[in-house]
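Visitor: The structure's right below; bear with me while I get my questions together.
The values are calculated or read from the model by the stated rules, or taken from the named source; none is laboratory data. All figures in this text were calculated on a predicted structure; none of them were measured in a lab. Counting neighbours? That spans all protein chains shown, and the Cβs are built from the backbone with ideal geometry, glycine included. Just so you know, the surface numbers come from the protein's heavy atoms only, side chains and all, with ligands and any DNA or RNA stripped out. Shrake-Rupley method; radii C 1.70, N 1.55, O 1.52, S 1.80 Å.
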Amino acid sequence: KQKVSLRVRNFETGKLKVNDHDGNPIEIATVVVWKVVDGAEALFEVDAYEDFVKVQSESAVRNLAASFPYDAHEEGQKSLRGDALEVAE
């Protein structure tokens with residue numbers, strides 16, 4: 001038997017150097033709130049589920065940063081700086 005915590009946890013990425021949608025270098029970090037929903041799946045589907053969350057979180061942040069410009073250059077364009085809530089959704 002192995003115990004798996006089902007509590008809500010936080011993971012903070014370090015600063016990542018990435019390029020935004022326009023190719024400009026930026027530094028970005030995030031806090032990811034997560035929890036294990038299925039303990040058996042967490043133990044048997046991946047080698048180390050905590051490491052899996054870290055790698056997937058950093059990958060998602062990089063992908064998100066590359067999808068939007070840091071600053072909007074056109075009317076109605078969403079940006080990382082100006083539309084944080086919309087980008088987070």
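Visitor: Of the trypsin sites (Lys or Arg not before Pro) in the range 40-80, which ones lie in a loop per DSSP and count no more than 16 other C-beta atoms within 10 Å?
Guide: 78
Visitor: Build a GNM of the chain with springs between Cα atoms under 10 Å: which of 68, 44, 52 gets the top mean-square fluctuation?
Guide: Highest fluctuation among the options: 44.
Visitor: Among all lysine pairs in the chain that are eight or more places apart or on different chains, how many have alpha carbons less than 30 angstrom apart?
Guide: 13
Visitor: Quick check for me: using +1 on Lys/Arg Cβ and -1 on Asp/Glu Cβ, what's the dipole size of the range 50-89 about its Cα centre, in debye to the nearest 20?
Guide: 120 debye
Visitor: Of the candidates 58, 45, 27, which one comes out as most mobile in a Gaussian network treatment of the chain with C-alpha springs shorter than 10 Å?
Guide: Checking each option, the largest mean-square fluctuation is seen for 45.
Visitor: Still on this structure: What shape does the range 1-48 take by its C-alpha gyration tensor, where a ≥ b ≥ c are the square roots of the eigenvalues and a/c under 1.5 counts as rounded, a/b above b/c as prolate, and the rest as oblate?
Guide: Because a/c hits 1.5 or more and a/b exceeds b/c, the range 1-48 counts as prolate.
Visitor: Grab the eigenvalues of the alpha-carbon gyration tensor for the chain, scale each by 5, take roots, and send me the semi-axes largest first in whole angstrom.
Guide: 32, 13, 10
Visitor: What does the charge dipole of the range 15-89 about its Cα centre add up to, to the nearest 20 debye, if the Cβ of each Lys and Arg holds +1 and the Cβ of each Asp and Glu holds -1?
Guide: So the dipole magnitude of the range 15-89 works out to roughly 240 debye.
Visitor: Mind listing the long-range amide H neighbours of residue 9? Cut-off is under 5 Å, sequence gap 5 or more, other chains count too, H placed in the peptide plane at 1.01 Å from N.
Guide: The list, which skips near neighbours in sequence, is 34, 35.
Visitor: Using a 1.4 Å probe, how large is the accessible area of residue 6, given in Å² and rounded to the nearest 10?
Guide: 100 Å²
Visitor: I would also like to ask the following. What's the whole-number percent of alpha carbon pairs in the range 39-86 lying beyond 18 angstrom?
Guide: 49 percent
Visitor: Once amide H atoms are placed 1.01 Å from N in the peptide plane, what residues at a sequence separation of 5 or more from residue 16, or on another chain, have their amide H within under 5 Å of its amide H?
Guide: For residue 16, whose amide H was placed from the backbone, the distant partners under 5 Å are 28, 29.
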